[in-house]
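Comments concern the structure below.
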Amino acid sequence: MQKILVTQPMLPELEDVYSQIEEIWTTKWLTNMGSKHNELEIKLKDVLKVNNVSLFNNGTIALMVAIKALDLPHGSEVITTPFTFAATPHCISWNGLKPVFCDIEPDTMTIDAEKIEELITPNTSAIVAVHVYGFPCNVKKINNIAKKYNLKVIYDAAHAFSTEIDGRGIGTFGDITMFSFHATKLYNTIEGGCLTYNDDNLVRKIYNLRNFGIRSEELVEEVGINGKMNEIQAAIGLLNLNLYKKEQEKRAKIKEFYDDNLSKIKGIRIPKMPNNATNSYQYYPIIIENEYPLSRDELYLKFKQRNIYTRKYFYPACHDYECYKDNLQNRVLSIVDDIKHKVLCLPFYGNLSTSDLNNVCDILKMD
Ligand code: T4K
């Protein structure tokens, strides 16, 4: 039986890639804010419904630059979620800041905005929240807290490409938002990512930080890094802009199939997208509750024995990592400590066949 993986990248036709590469070979312009890069930046503004877009070579460097751009006091505390990919807290730490982990909401699995205020100290400088699996954070409440305590807000929207909240691009909330365009993401540029932000004053700062701080041939304005997206990445990005909606439509049908087949199984909970937000269709997580005959780990192994590779995103949670174990100082994060043992991401990509989907559902139904 062929392997079924948790995801598969959306790929443009090879002949379209060849013709893009031919253009790049003709101009011999490979990177450093080339024409394809600039075209993609402009097009993404419309797609994401945002004021400003800065492209990056990957989402992690983008997030590091976002945090750097806000000039947070060195050593200050940043409240964040432990239920995310390693990149989120690591970007905080690499900036010389301390991640302070907050518990999550059981439904959306995003940071629990009701529990943020109790973690604020005179040293708190920012909140880094994650729209995990594309579920939107409580942006209203987070915004109110940030205003009240004068904190910066950065959103990690690695999973939320094209998501809208009440018709507004998800990248317009907070000070800066990061999107990842990694191969495993709904929309990919092989590796890549971007920052979006409302404040035009950040354009120059982010441009500098992404390009070694270089402003012109003889002027280095500040300490920057190399975060530039190259022309081949941008070319793939331009081609994939024509494809992502179709991929979302296919995934919407797969979601419907899973929902119909799984919603009646005792012990399986399917987290729901809030009514005021659209779905990016990045992941299909389910929660294996105690009434289900198998534990999450037993189910994961059962899938694996049948060549189906589900993923336990995000187990372990970030506060379990050796490098962050001391950050908690005896605080208990009861919701995330429960959910991290129960969550499982099912295979979810447009090319899954009906027989693949039936196989997945049959295993869950214990047929
Ligand atoms: N913030 C959040 C919340 C994130 O989830 C991420 C990335 C970031 C920040 C950082 O953004 P980037 O710097 O990555 O742009 C994967 C991805 O590498 C990572 O991008 C992603 N999150 C994370 C959730 O998933 P792994 O360790 O699970 O990848 P891997 O290699 O096991 O791939 C997963 C599955 O994808 C494979 O079973 C098969 C499929 N796959 C993967 C690759 C790389 C393919 O079919 N083709 C491929 O080329 O981390």
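The values are calculated or read from the model by the stated rules, or taken from the named source; none is laboratory data. All of these numbers come straight from a predicted model, not from anything done at the bench. Cβ placement follows ideal geometry from the backbone for every residue including glycine, while neighbour counts extend to all protein chains displayed. The area values use the complete protein model at the heavy-atom level, side chains included, leaving out ligands, DNA and RNA. Shrake-Rupley method; radii C 1.70, N 1.55, O 1.52, S 1.80 Å.
Annotation for the stretch 234-243: at least one member residue is out of contact with any Leu (no Cβ under 6 Å at 6 or more places or on another chain), within 16 Å of the ligand (Cβ to nearest atom), open to solvent by less than 30 Å² (accessible area, probe 1.4 Å) and in contact (Cβ under 8 Å) with a residue 60 or more places away in the chain. Listed residues LYS49, LYS68; which is under 18 Å from LYS228 (Cβ atoms), in the same structural domain as ILE165 (by TED's automatic domain parsing) and of a type in the set (D, E, K, R)? Just one listed residue meets the conditions, LYS68. Of the residues contained in the stretch 327-336, none is found to be under 29 Å from MET1 (Cα atoms) and either surrounded by fewer than 18 Cβ atoms within 10 Å (Cβ to Cβ) or modelled with pLDDT under 95 (or both).
Sort out for me the strands (runs of 3 or more DSSP E) sitting completely within the stretch 1-105 that have 2 or more residues that are among the polar types (S, T, N, Q). Working first, answer last.
Details: elements: 52-56, 77-80, 98-101.
The strands (runs of 3 or more DSSP E) meeting that bar are 52-56.
Pick from THR121, THR81: which is β-branched (Val, Ile, Thr) and buried (at least 23 other Cβ atoms within 10 Å of the Cβ)?
Exactly one residue qualifies, and that residue is THR81.
Here LYS266 meets each of (1) closer than 30 Å to TYR187 by Cβ; (2) at pLDDT 95 or above; (3) surrounded by fewer than 15 Cβ atoms within 10 Å (Cβ to Cβ) with one exception, condition (1). Is it fair to say LEU352 is outside the structural domain of SER93 (by TED's automatic domain parsing) and either assigned to a helix (DSSP H, G or I) or open to solvent by 50 Å² or more (accessible area, probe 1.4 Å) (or both)? For LEU352, the condition - outside the structural domain of SER93 (by TED's automatic domain parsing) and either assigned to a helix (DSSP H, G or I) or open to solvent by 50 Å² or more (accessible area, probe 1.4 Å) (or both) - is not met. You will find that of HIS159, HIS182, the residue that is touching a residue at least 60 places away in the same chain (Cβ under 8 Å) and over 29 Å from GLU118 (Cα atoms) is HIS182 and no other.
With respect to the numbered conditions (1) outside the structural domain of SER54 (by TED's automatic domain parsing); (2) under 30 Å from ASP112 (Cβ atoms); (3) among the hydrophobic types (A, V, I, L, M, F, W, C), which one is the sole condition not fulfilled by PHE257? Result: PHE257 passes all but (2). Quick one: is GLU298 in a helix (DSSP H, G or I), farther than 28 Å from TYR187 by Cβ, of a type outside the set (Val, Ile, Thr) and outside the structural domain of ILE165 (by TED's automatic domain parsing)? Spelling it out, GLU298 is indeed in a helix (DSSP H, G or I), farther than 28 Å from TYR187 by Cβ, of a type outside the set (Val, Ile, Thr) and outside the structural domain of ILE165 (by TED's automatic domain parsing). When the stretch 1-17 is limited to residues that are loosely packed, with under 11 Cβ neighbours inside 10 Å and either modelled with pLDDT of 95 or more or in the same structural domain as ASN226 (by TED's automatic domain parsing) (or both), the one that is farthest from the ligand (Cβ to nearest atom) turns out to be GLU15.
Which residues, counting only those in the stretch 188-204, are assigned to a helix (DSSP H, G or I) and either touching a Leu at 6+ places or on another chain (Cβ under 9 Å) or open to solvent by less than 10 Å² (accessible area, probe 1.4 Å) (or both)?
Going residue by residue through the stretch 188-204, those that are assigned to a helix (DSSP H, G or I) are 202-204.
Passing the criteria: only LEU202.
Restricting LYS43, LYS36, LYS141, LYS98 to those that are surrounded by fewer than 21 Cβ atoms within 10 Å (Cβ to Cβ) and within 30 Å of LEU239 (Cα to Cα) reduces the list to LYS43.
If the requirement is being under 27 Å from ASP337 (Cα atoms) and outside any helix (DSSP H, G or I), which of these qualifies: ILE154, ILE142? Working first, answer last.
On the way: ILE142 fails: outside any helix (DSSP H, G or I).
After applying the criteria, what remains is ILE154.
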